1. Taking R0 as 41 Å, what FRET efficiency do you get between SER254 and PHE100 from their Cβ-Cβ distance, rounded to the nearest 0.05?
2. For LEU273 and ASP238 in the same chain, what is the full-extension length gain: residue separation times 0.36 nm, less their Cα-Cα distance, in nm?
3. Modelling each spin label as a point 7 Å along the Cα-to-Cβ direction, I'd like the ALA27/ARG67 distance in nm, to one decimal.
4. What distance in nm lies between label points placed 7 Å from Cα along the C-beta direction at LEU39 and ALA135?
5. Taking the Cα-to-Cβ direction at ALA142 and at ALA177 and moving 7 Å from each Cα, how far apart do the two end points lie in nm?
6. With θ set to phi - 60° and the Karplus curve 6.51 cos²θ - 1.76 cosθ + 1.60, what are the ³J(HN,Hα) couplings of segment 257-265 in order, to the nearest whole Hz, using x for Gly and Pro?
7. Want the number for HIS151 to VAL82: 0.36 nm per residue separation, take away the alpha-carbon distance, what's left?
8. Shape call for segment 59-285 from the C-alpha gyration tensor, a ≥ b ≥ c root eigenvalues: rounded (a/c under 1.5), prolate (a/b greater than b/c) or oblate?
Amino acid sequence: MASAVTTTSRGQGRGRAGWVWALPPVAVLAVVLLYPLALVVQQSVTPDEGSTSLTPYADVFASESFRSALGTTVWLAVGSTVGCLVLGFALALVIAFVPFPGGKAVAKFIDVFLSFPSFLITLALLFIYGTVGMANGVWTDATGASEGPFHFLTTPWGVLLAEITYFTPFVMRPLLAAFSQLDTAQLEVASSLGARPARIVRKVILPEALPALAAGGSLVLVMCLNEFGIVLFTGAKDVTTLPMLVYGKAILESDYPAACVVAVVNIALSVGLYTLYRTVSRRVGA
């Protein structure tokens, strides 16, 4: 009887100790993350008069600028994700299964590339395809024209190219990790049975790569929804995404309730996609 009471007391003590250790990180998380989010939500339902109202949501949802920004954000994010999945899968296949000099160095460079800021890639594209970039310079020197033909970087297609260029390594990294664990004996058996490379990729490699594709694709989709630097540095004035709309409402127009409404919508989209990703990844893993 005494031993049972002692065991119960020890269990209760461990439970209290666990709560004591959990309180500091929970408090830090609440102050650093949850409190600012709560302020954004509060401001989104607080018009300039100070009263609580859903008028800012009604005004923002009814505006053409919001609907246009939402549509642009979604199609850029989806298009970039599809492009990254296709290009990342093809490049990862070459790096993992096609021997060539410097293959290991390229694989290591992928890890370094992930640390680059997004505006750096955009600046590189501007140097190549910008109005006074190398491509237009070569064209004008060769033809004598007053200007070159490459002006797409300031269009949605330029933003799409920049996002695919920057985010493709985020798909390649989990794919290369998955390919490194693939049993090469399966490939050798399939090849010995006369299977062509395309069939081997479709029947053997692709099923093993699906979890990595789901992880990388969902990560890219969420990051593209929240991307700000690429759109800003391309100079695409006619391309307004949700993050750009938040910037315009808050900084240029000083309309903070509307900016917070757009921010709440952006957060809701990101959290919803992350939840969907977790659900899909669990099912794919199972």
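Every number in this text was worked out from the coordinates using simple rules, so none of it is lab data. Note that this is a predicted model, so its numbers are computed, not measured. Because the Cβ atoms are built from the backbone with ideal geometry, glycine has one as well, and the counts that use them run over all protein chains shown.
1. 0.15
2. Additional length available on full extension: 10.0 nm.
3. 4.9
4. Taking the two extended label points, one gets 4.3 nm.
5. 4.3
6. x, 5, 4, 5, 4, 4, 5, 4, 4
7. This chain segment gains 22.5 nm when fully extended.
8. It comes out oblate by the Cα gyration axes.
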